[in-house]
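Take a look at the structure set out below.
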Amino acid sequence: MIKKYVFMLKLVMKKIKFVIAILTYNRINHLKKLIDSVLKQKVQANISIDISISNTYSTDDTNSYLEGLKKKERFHIYNIKDEVKENVLPYLVNCRNLASVIPKDADWVWWIGDDDILENEYSVQTVLDNILKSSDELTFVHACSSRKSSIKKRISKDSIINLCLKFGYHEVLGWISSIILKQNEIIKIFNKMNVNTNYQSNMSSQKKASAFNHSAAILEENHDKMGLFLDMPLVKEQES
């Protein structure tokens, strides 16, 4: 009993680097609100929260805003303005650039859209509390949206494929702001997405054939690995 208590204590006090990863494009006002919600997070002393942001193509004031954030601790920012090239999907370029600024020593990465926001100041701690309670080696966590959560705080633990079969493929893997992955796995996903571009192109425009190439990459790489589905309000849209 004492050995188990000591083990649990060490587990709870283990240093954890948690990263919020953000792709942004011409949404500076939304981006500021998201970052503010991250900076307000209250976590235990053994947890650090870093913020990784990629901005490749914005034409508003995002560039100058991010240059200011570069000077602050725990911000990792790709902020190089580029022109959209023919036969290149800007979204995938931004994903690749985001992968380059995610710290290599990160434990978990929460991929959040720049027009979304954390539900409350304990969202990150709640996620990590549930990760630490799990006896299995986890790869993936689905953080439920405030709009879709039943607020019953039910937790389902299973392989990712079984979570998709239970709750729905798009429900589990579709909305990026619900996706939390181990650091090494999300880097694999970004690389996979850039190999499987899955878009149609002509001389005048680039058009996605699917909005879910990230979901396909997650399922292909991790279908048999363990995940958690947290049926509780953790993240929400800034606009209805």
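Among the residues making up the stretch 57-95, a single one is open to solvent by less than 60 Å² (accessible area, probe 1.4 Å), without any contact (Cβ under 8 Å) to a residue 24 or more places away in the chain and either of a type in the set (S, T, N, Q) or more than 19 Å from ILE35 (Cβ to Cβ) (or both): ASN63. Does TYR5 satisfy the criteria of being open to solvent by 20 Å² or more (accessible area, probe 1.4 Å), touching a Lys or Arg at 6+ places or on another chain (Cβ under 8 Å), at pLDDT below 95 and not polar (S, T, N, Q)? Judged against the criteria, TYR5 is not a match. Scanning the stretch 183-206 turns up one or more residues that are open to solvent by 70 Å² or more (accessible area, probe 1.4 Å), farther than 17 Å from ILE160 by Cα, touching a strand residue (DSSP E or B) at 6+ places or on another chain (Cβ under 8 Å) and modelled with pLDDT under 95. Within the stretch 29-42, restricting attention to residues that are hydrophobic (A, V, I, L, M, F, W, C) and in contact (Cβ under 8 Å) with a residue 24 or more places away in the chain, the residue that is surrounded by the most Cβ atoms within 10 Å (Cβ to Cβ) is LEU34. Here SER146 clears all of (1) out of contact with any Phe, Trp or Tyr (no Cβ under 9 Å at 6 or more places or on another chain); (2) more than 11 Å from VAL235 (Cα to Cα) except the condition numbered (2).
Can you report the number of residues in the stretch 44-56 which are surrounded by fewer than 17 Cβ atoms within 10 Å (Cβ to Cβ) and in a loop (DSSP other than H, G, I, E, B)? Selection size over the stretch 44-56: 3. Pairs meeting the criteria (first residue in the stretch 14-28 and within 25 Å of ILE80 (Cβ to Cβ) and part of a loop (DSSP other than H, G, I, E, B), second residue open to solvent by 10 Å² or more (accessible area, probe 1.4 Å) and charged (D, E, K, R), beta carbons under 6 Å, at least 6 apart or on different chains) are ASN26/ASP60; ARG27/ASP115. In this structure, is LEU98 surrounded by 13 or more Cβ atoms within 10 Å (Cβ to Cβ), assigned to a helix (DSSP H, G or I) and either aromatic (Phe, Trp, Tyr) or modelled with pLDDT of 95 or more (or both)? The answer is yes for LEU98. The set of residues in the stretch 101-144 that are open to solvent by 20 Å² or more (accessible area, probe 1.4 Å), part of a loop (DSSP other than H, G, I, E, B) and either in contact with a Ser or Thr (Cβ under 8 Å, 6 or more places away or on another chain) or of a type outside the set (Ser, Thr, Tyr) (or both) comprises VAL101, LYS104, ASP105, ASP107, ASP115, GLU119, ASN120, GLU121, ASP136, GLU137.
The values are calculated or read from the model by the stated rules, or taken from the named source; none is laboratory data. Note that this is a predicted model, so its numbers are computed, not measured. Backbone-built Cβ (ideal geometry, glycine too); neighbour counts: all protein chains shown. Accessible surface is based on the protein model in full, side chains and every heavy atom, while ligands, DNA and RNA are left aside. Shrake-Rupley method; radii C 1.70, N 1.55, O 1.52, S 1.80 Å.
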